[in-house]
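Colleague: I'd like to ask you about the structure that follows.
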Amino acid sequence: MLPKFNILTEEQVQAIHENTMKIMEEVGVEFSYDPAVEVFKKNGQKVEGHRVFFDRKFVEEMVAKAPAQFVLHARNPENNLVCGGENTIYMPGYGAPFIHDANGKRRNATLNDYDNFVKLAGASKNLHMTGGNVVEPQDVPDEIRHLKMLYSHITNSDKCFMGSSSGYEKAKDVIELTAILHGGLDVIKEKPALSCLVNSVTPLKFDDRMLGGLMAYAEYGQPMVIASLVMSGSTGPASLAGALSVQNSEVLAGITLTQCINPGTPVIYGSTSAITDMASGSLSIGNPECSLFTSASAQMARFYGVPSRGGGGLTDSKIADTQAGYESMMTLLGASTTGINFVLHSAGILQYYMAMSYEKFMVDDEIAGMVGRYIRGMDFTEEKLAFDVIKAVGPGGHYLTQKHTRKNFKVEFFRPQLSDRQSYDGWENGELDANARATQRWQDVLENYTPPALDEKVKAEIDAFIEKRISELKK
Amino acid sequence: MSAIFDEIREAVIDGDEDLAIELAERVIEEKLDLVEAIEKGYISGIEEVGASWKAGEAFLPDVMMAADAMKSGMSLLEAELARTGGEEHEDKGKIVLGTVEGDIHDIGKNIVGALLTAAGFKVYDIGIDQKAEDFIKKADEVGATVLGASSLLTTTMRSQGELIEYLEEKGIRDKYKVIIGGGPTSKKWSEEIKADGWAETADEAVDLCRELLG
């Protein structure tokens, strides 16, 4: 495994921490949700209206209660994941309302797309989780969407997944469903099996919906990504160090709340901070500044002793083109080499989180494979140093017919599934570019994918729960 | 005397709101020509910024701060004009802008407001979470015929349609042009609610207003 590198000096980390403590103490953070404000009051924090002014010792103590790493449990234990330490977890994009099809048209995402992306992630060797909210299925009414989405993850794959954090009730629904899958609430309290994404409202706020979700996950001890997206230049300072301080204040405020509710609840320090395009005001994520925020966040998370989330295959491009490729490679490589643990948006995202593309998904899957291989680093056993075979071949020979070669190339070399390495003549046969090959590939994967079987009894219980909730929610 | 007009112009270009106000106060104190101060100072400054924006040389903070400086300074002179019974300065059209009921997002709306101002329109920004009545009230007060309604959430887009329904119910739909915008909105949505126009970007909103008020 490659050693993860730091982009900030120790003094710089300390400077961000100091600035953050000052912001939390003197500026404060606003929580619109009364139950959250009550928690802070009970814990002796100064509150004015909905604004909480934090005591720095208290924040430091609370953040220290969060675990440095934890295991996320899948229904197939082979797919359990360690979140934290040196590990890197890749998963699909999150939350896009649109699909950009290969024919160049953009359309609303549907539940069928949702199933497809979960299956593609389930089938992928490079993606470790099927993620959550992989698209926003607009053909499903909002009040029952969380149930349909979770059902897709449960039935289409046996990898770990994420659930809704959209308010207390929806969060509770998906927690209960996950409990049925794993054998009860007590089981998942011991062995966390569901995670979610809680976003702040920058600058320095959290809204009702997210706080409700946060409180439900915390009560049941399920892991949460507490994430902040500062748009440097519009919702935060245009200086990167200033924007990072705003982000850090929001994330620490959220983590503090989780630990007040349930000390030891697993949390992930999340960042999606990036910059504002100063000509249009829109978010811009496929750039070096976003990568700097991501890498700095990995380091701040290490400083606080919690796992980190950031980066992904991020781009501002509207289509799966060259720009999408080079921006995504930068943002995924940057995140992975500097030690981000949990990489949401690893595959499929276009246009600053607005759209998903099947072609881009397959390209990103390839990028994830390449980066995954890169961060695995070089293996240094005696066999790998290969003195014996070097001696056997001697000067001027070749290695193609050596047992050592046959044994090692399969484990040492990353085998691309999308990239073309043929001769010119070979390529000329079909003349397919990467996007055309990607189209073929995702269609092929979907056609040949069989979802892992789910225990009939468990499935019946899950079906019954969902049916009951849908009838209640549609009233 | 023209030196102060140049100073005003520069204050607007620099986005220096405090100075733009201070200079307006000086114009009033020294009883200089108010209309000339508006045109050679504030309007000239914002036109320059508008041209730089079109050329891709100015960016959002440049335009937004210039628009703020211009509006703050000019409003003092306009109040003075009204008080002394002078002729009102002629603008390219009046637009009431606001974020619809239930929605508190205003960055996009503010950008549109600044660009419209830089393009010579007179913008009345009524702020966030505004009911249909509030749009009409302001429009009637200032004599505006274009209503710009912004929404960022799929859950509050509905209010854009409600604004139009409100006008229909009151039988005053023909008096106003309603234009909409915001993240989840689309041309299709604007047609569905029978709006008079939709723009995806702030620049397109300026073109749309030119069309409607030109």
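The values are calculated or read from the model by the stated rules, or taken from the named source; none is laboratory data. As the structure is a computational prediction, the values presented were derived from the model and not from experiment. Cβ coordinates were reconstructed from backbone atoms using ideal geometry, including for glycine residues, and neighbour counts include every protein chain displayed.
Colleague: From (1) touching a His at 6+ places or on another chain (Cβ under 7 Å); (2) within 14 Å of chain B (Cβ to nearest Cβ), pick out the condition that doesn't hold for residue A:90.
Modeller: Only one criterion in (1) touching a His at 6+ places or on another chain (Cβ under 7 Å); (2) within 14 Å of chain B (Cβ to nearest Cβ) is unmet by residue A:90, namely (2).
Colleague: Residue A:145 - would you say it is modelled with pLDDT under 95 and either closer than 22 Å to residue A:228 by Cα or not polar (S, T, N, Q) (or both)? Can you show your working first?
Modeller: Values: modelled with pLDDT under 95: no; either closer than 22 Å to residue A:228 by Cα or not polar (S, T, N, Q) (or both): yes.
In short, no.
Colleague: Restricting to segment A:215-247, name every residue that is part of a helix (DSSP H, G or I) and under 22 Å from residue A:282 (Cα atoms). Lay out the reasoning, then the answer.
Modeller: Just the residues of segment A:215-247 that are part of a helix (DSSP H, G or I), to begin with: A:215-219, A:240-247.
Across segment A:215-247, the qualifying residues are A:240, A:241, A:242, A:243, A:244, A:245, A:246, A:247.
A quick yes/no check of all residues on (1) part of a helix (DSSP H, G or I); (2) more than 14 Å from chain B (Cβ to nearest Cβ); (3) under 23 Å from the mean Cα position of the chain (by Cα); (4) surrounded by 16 or more Cβ atoms within 10 Å (Cβ to Cβ):
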{"position": "A:58", "(1), (2), (3), (4)": "yes, yes, no, yes"}
{"position": "A:107", "(1), (2), (3), (4)": "no, no, no, no"}
{"position": "A:118", "(1), (2), (3), (4)": "yes, yes, yes, yes"}
{"position": "A:131", "(1), (2), (3), (4)": "no, yes, yes, yes"}
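Colleague: Next question. I'm trying to understand the selection: among the residues of segment B:54-76, which are within 14 Å of chain A (Cβ to nearest Cβ), part of a helix (DSSP H, G or I) and among the acidic types (Asp, Glu)?
Modeller: B:62
Colleague: Turning to a different aspect of this structure: Testing residue A:343 on (1) part of a helix (DSSP H, G or I); (2) β-branched (Val, Ile, Thr); (3) within 19 Å of residue A:123 (Cβ to Cβ), one condition comes back false. Which one is that?
Modeller: All conditions pass for residue A:343, except number (1).
Colleague: Ok, one more. Identify the residue in segment A:177-199 that is touching a residue at least 60 places away in the same chain (Cβ under 8 Å) and assigned to a helix (DSSP H, G or I) and, among all such residues, is farthest from residue A:469 (Cα to Cα).
Modeller: My answer is A:188.
Colleague: Taking segment B:8-48 as the search range and keeping residues that are free of Cβ contacts under 8 Å to residues at least 24 places away in the same chain and assigned to a helix (DSSP H, G or I), which one is surrounded by the fewest Cβ atoms within 10 Å (Cβ to Cβ)?
Modeller: B:29
Colleague: Six or more apart or on different chains, Cβ under 7 Å: which pairs go from a residue in segment B:163-188 that's without any contact (Cβ under 8 Å) to a residue 40 or more places away in the chain and assigned by TED's automatic domain parsing to the domain that holds residue B:208 to one that's surrounded by 19 or more Cβ atoms within 10 Å (Cβ to Cβ) and hydroxyl-bearing (Ser, Thr, Tyr)? Could you list them?
Modeller: B:167/B:176; B:180/B:190; B:185/B:151
Colleague: In addition: Only one of these conditions is not met by residue B:210: (1) closer than 24 Å to residue B:104 by Cα; (2) within 16 Å of the chain's Cα centre (by Cα); (3) among the basic types (Lys, Arg). Which number is it?
Modeller: Every condition holds for residue B:210 apart from (1).
Colleague: Same structure, new question: From the residues in segment A:311-327 that are of a type in the set (S, T, N, Q) and in contact with a strand residue (DSSP E or B) (Cβ under 7 Å, 6 or more places away or on another chain), which one is surrounded by the most Cβ atoms within 10 Å (Cβ to Cβ)?
Modeller: First, pick out the residues of segment A:311-327 that are of a type in the set (S, T, N, Q): A:315, A:317, A:322-323.
Narrowing further to those that are in contact with a strand residue (DSSP E or B) (Cβ under 7 Å, 6 or more places away or on another chain): A:315, A:317.
Numbers: A:315: 31, A:317: 22.
Going through the qualifying residues, I end up with A:315.
Colleague: While we're on this one: Going through segment A:211-234 one residue at a time, which ones are within 14 Å of chain B (Cβ to nearest Cβ) and hydrophobic (A, V, I, L, M, F, W, C)?
Modeller: In the first step, residues of segment A:211-234 are kept if they are within 14 Å of chain B (Cβ to nearest Cβ); the result is A:229-234.
Listed by number, the residues that qualify are A:229, A:230, A:231.
Colleague: Could I ask something else about it? For segment B:16-37, state whether one or more residues are more than 14 Å from chain A (Cβ to nearest Cβ), among the basic types (Lys, Arg) and farther than 30 Å from residue A:277 by Cβ.
Modeller: As a first pass, look at segment B:16-37 and keep what is more than 14 Å from chain A (Cβ to nearest Cβ): B:16-37.
Then drop every residue that is not among the basic types (Lys, Arg), which leaves B:26, B:31.
Right, trim to farther than 30 Å from residue A:277 by Cβ and you get B:26, B:31.
Yes - at least one qualifying residue is present in segment B:16-37.
Colleague: Follow-up. Name, by its number, the condition in (1) part of a helix (DSSP H, G or I); (2) within 14 Å of chain A (Cβ to nearest Cβ) that does not hold for residue B:51.
Modeller: For residue B:51, the failing item is (2).
Colleague: I'd like to verify a number: residues in segment A:235-251 that are buried (at least 21 other Cβ atoms within 10 Å of the Cβ) and within 14 Å of another protein chain (Cβ to nearest Cβ), how many?
Modeller: Initially, segment A:235-251 is screened for residues buried (at least 21 other Cβ atoms within 10 Å of the Cβ), giving A:236, A:243-251.
Keeping just the survivors that are within 14 Å of another protein chain (Cβ to nearest Cβ) gives A:236.
Matching residues across segment A:235-251 total 1.
Every residue, every condition in (1) in contact with a strand residue (DSSP E or B) (Cβ under 9 Å, 6 or more places away or on another chain); (2) more than 14 Å from chain B (Cβ to nearest Cβ); (3) within 23 Å of residue A:131 (Cβ to Cβ); (4) buried (at least 23 other Cβ atoms within 10 Å of the Cβ), yes or no:
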{"residue": "A:270", "(1), (2), (3), (4)": "yes, yes, yes, yes"}
{"residue": "A:277", "(1), (2), (3), (4)": "yes, no, no, no"}
{"residue": "A:280", "(1), (2), (3), (4)": "no, no, no, no"}
{"residue": "A:288", "(1), (2), (3), (4)": "no, yes, no, no"}
{"residue": "A:294", "(1), (2), (3), (4)": "yes, yes, yes, yes"}
{"residue": "A:297", "(1), (2), (3), (4)": "yes, yes, yes, yes"}
{"residue": "A:305", "(1), (2), (3), (4)": "no, yes, no, no"}
{"residue": "A:309", "(1), (2), (3), (4)": "yes, yes, yes, yes"}
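Colleague: Sticking with this structure for a sec: From the list B:180, B:172, B:136, which residue is of a type in the set (Val, Ile, Thr), away from chain A (no Cβ under 14 Å) and over 19 Å from the mean Cα position of the chain (by Cα)? Give the steps one after another, and end with the answer.
Modeller: Working: B:180 fails: over 19 Å from the mean Cα position of the chain (by Cα); B:136 fails: over 19 Å from the mean Cα position of the chain (by Cα).
After ruling out the rest, the residue left standing is B:172.
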